[in-house]
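Below you'll find the structure, written out as structure tokens, and then a few comments.
The values are calculated or read from the model by the stated rules, or taken from the named source; none is laboratory data. The model shown is predicted, which means the values in this text are computed figures rather than measured ones. As a convention, Cβ positions derive from the backbone with ideal geometry for all residues, glycine included, and neighbour counts pool all protein chains shown. Heavy atoms of the whole protein, side chains included, go into the accessibility calculation; ligands, DNA and RNA do not. Shrake-Rupley method; radii C 1.70, N 1.55, O 1.52, S 1.80 Å.
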Amino acid sequence: MQKILNVALAKRSYPITIGENLLGEFQHFKLQAGQRVLIATNETIAPLYLQTLIDMLEKHGVKTESVVVPDGEQYKTMETWNTILSALLAHNHTRSSILIALGGGVIGDVAGFAASAYQRGIKFIQVPTTLLSQVDSSVGGKTAINHPLGKNMIGAFYQPQSVVIDLNCLKTLPQRELSAGLAEVIKYGIILDTVFFNWLEQHIEDLLNLDVNALSYCIYHCCELKAKVVAADETEQGMRAILNLGHTYGHAIEAQLGYGNWLHGEAVSVGMLMAAQTAKLLGKLTQADIERIKNLLIRAKLPVNRPTTMPIESYLPHMLRDKKVLSGQLRLVVPTKIGHAEVMDGIDKNIVLESIANV
Ligand code: NAD
Ligand code: GLY
């Protein structure tokens, strides 16, 4: 069964379609015969899904080319961005061409940013193939590349024309990547939805076992929660920042240890526990809620202890480069109970250091 959700952004509104075997179903892509498409994907995903997608598009009269880039967070760079732009140019793509991102969050972010820049912006379509990209990165229009000095520091807000989520793609996803996606799933429960957090406590093993009904409900619900936040605050002037729970701490881990060593979702898992410790030290969160969060992360097979090779003092320089920093002051998202989070300014440095030490 297919589910369709709308991201309500006036002229930039778009559908998210969730279901099985969608790579074979033309109508969800919002394309027309005669259009030209470049598919950007990576070396891991290409042998799995690229030909299926090309065959389906060509069958419907869409002229399709592809560009295959190296796999990994360490390739979410200016060079990869340039490779995609060069492929668009080499094939003489025009303003009416469409870029399709086929892959996880790395491909989605870098290809989306390339689409935003090519001839000052061409249409693009997200076809997310990891759980993380299906519940989070393909929705909402954040696109970016990393810089050695900071994660996602160069990019654009640029919305896709459609998002096509094929649940079948998850069957080839390594378990560690599935768990990384569950970190963002659990994040939604913590920041926005107590009932959903309770549901996850009942169904986390069903998700790990790729139960289609559980996955379909979960992905739809996460996209629904994210779509509401994005519709209210597309460019993160306010409440959208709560979607970054655990990310300020987590991005420090990713940047310090080298992009790709800790997966984004793994760093977010530990980062959410650090943010929970911050909330507790500020008297805003109970130990009982921290235990519930930690237990769910453990059951999702995610790390719950900070990396031992990373000194506590090394977090702060990274955290001060975070995009939420205002006038040199740290801003952190902290959970105040399961189902609710706040953005807090001016948190004392010693509280931050103690929060890290406690995880
Ligand atoms: P990823 O894109 O690196 O994919 C993870 C791994 O799984 C890669 O090796 C990939 O090749 C492989 N893979 C993808 N689909 C597969 C499939 N179906 N079968 C087998 N292997 C498959 O990582 P990710 O976790 O999807 O995304 C993480 C990135 O997303 C980070 O760069 C993060 O910053 C970004 N992100 C962006 C947003 C946003 O709003 N734009 C939100 C959250 C995260
Ligand atoms: N992943 C955070 C956001 O989309 O805002």
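Within the stretch 4-14, can you find the residues that are more than 11 Å from Glu224 (Cα to Cα) and assigned to a strand (DSSP E or B)?
Tyr14 - this is the single residue of the stretch 4-14 that is more than 11 Å from Glu224 (Cα to Cα) and assigned to a strand (DSSP E or B).
Restricting the stretch 157-194 to residues that are among the hydroxyl-bearing types (Ser, Thr, Tyr) and outside any helix (DSSP H, G or I), which is most open to solvent (accessible area, probe 1.4 Å)?
Step by step, filter the stretch 157-194, then rank; the result is Tyr158.
Filter the stretch 145-154 down to the residues that are open to solvent by 10 Å² or more (accessible area, probe 1.4 Å) and of a type in the set (A, V, I, L, M), then identify the one that is nearest to ligand 2 (Cβ to nearest atom).
The extreme case among them is Met153.
To keep it simple, each residue is scored yes or no on (1) touching a residue at least 24 places away in the same chain (Cβ under 8 Å); (2) within 15 Å of ligand 1 (Cβ to nearest atom); (3) out of contact with any His (no Cβ under 7 Å at 6 or more places or on another chain).
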| residue | (1), (2), (3) |
| --- | --- |
| Ser179 | yes, yes, yes |
| Lys187 | yes, yes, yes |
| Thr194 | yes, no, yes |
| Asn198 | no, no, yes |
| His203 | no, no, yes |
| Asp206 | no, no, yes |
| Asn209 | no, no, yes |
| Tyr217 | no, no, yes |
| Cys222 | yes, yes, yes |
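Farther than 30 Å from Ile290 by Cα, over 16 Å from the mean Cα position of the chain (by Cα), more than 10 Å from ligand 1 (Cβ to nearest atom) and open to solvent by less than 10 Å² (accessible area, probe 1.4 Å) - does that describe any residue in the stretch 117-140?
yes
Please pick out the residue among Val352, Val359 that is open to solvent by less than 40 Å² (accessible area, probe 1.4 Å), at pLDDT 95 or above and either assigned to a helix (DSSP H, G or I) or of a type in the set (Lys, Arg) (or both).
Val352
Tally up the residues in the stretch 80-130 that are within 16 Å of ligand 2 (Cβ to nearest atom) and in contact with a Cys (Cβ under 9 Å, 6 or more places away or on another chain), please.
Count: 2.
If you go through the stretch 94-114, how many residues are over 24 Å from Pro47 (Cβ atoms) and without any contact (Cβ under 8 Å) to a residue 60 or more places away in the chain?
3
In this structure, does Glu65 turn out to be away from ligand 2 (no atom under 16 Å from the Cβ), touching a strand residue (DSSP E or B) at 6+ places or on another chain (Cβ under 9 Å), modelled with pLDDT of 95 or more and open to solvent by 70 Å² or more (accessible area, probe 1.4 Å)?
It is false that Glu65 is away from ligand 2 (no atom under 16 Å from the Cβ), touching a strand residue (DSSP E or B) at 6+ places or on another chain (Cβ under 9 Å), modelled with pLDDT of 95 or more and open to solvent by 70 Å² or more (accessible area, probe 1.4 Å).
Can you tell me which residue is surrounded by the most Cβ atoms within 10 Å (Cβ to Cβ) among those in the stretch 206-265 that are touching a Phe, Trp or Tyr at 6+ places or on another chain (Cβ under 7 Å) and among the β-branched types (Val, Ile, Thr)?
The residue in question is Ile253.
When you scan the stretch 91-100, how many residues do you find that are open to solvent by 80 Å² or more (accessible area, probe 1.4 Å) and over 15 Å from Phe124 (Cβ atoms)?
So the answer is 1.
Yes or no: Ala288 more than 24 Å from the chain's Cα centre (by Cα) and under 20 Å from Ile190 (Cβ atoms)?
When the stated conditions are applied, Ala288 passes them.
Name the pairs whose Cβ atoms lie under 8 Å apart, with the first residue in the stretch 49-77 and closer than 14 Å to Leu22 by Cα, the second assigned to a helix (DSSP H, G or I) and within 16 Å of ligand 1 (Cβ to nearest atom), and 6 or more positions between them or separate chains?
Every condition considered, the pairs that remain are Tyr49/Leu23; Tyr49/Cys169; Thr52/Leu23; Thr52/Gly24; Leu53/Leu23; Met56/Leu23; Met56/Gly24.
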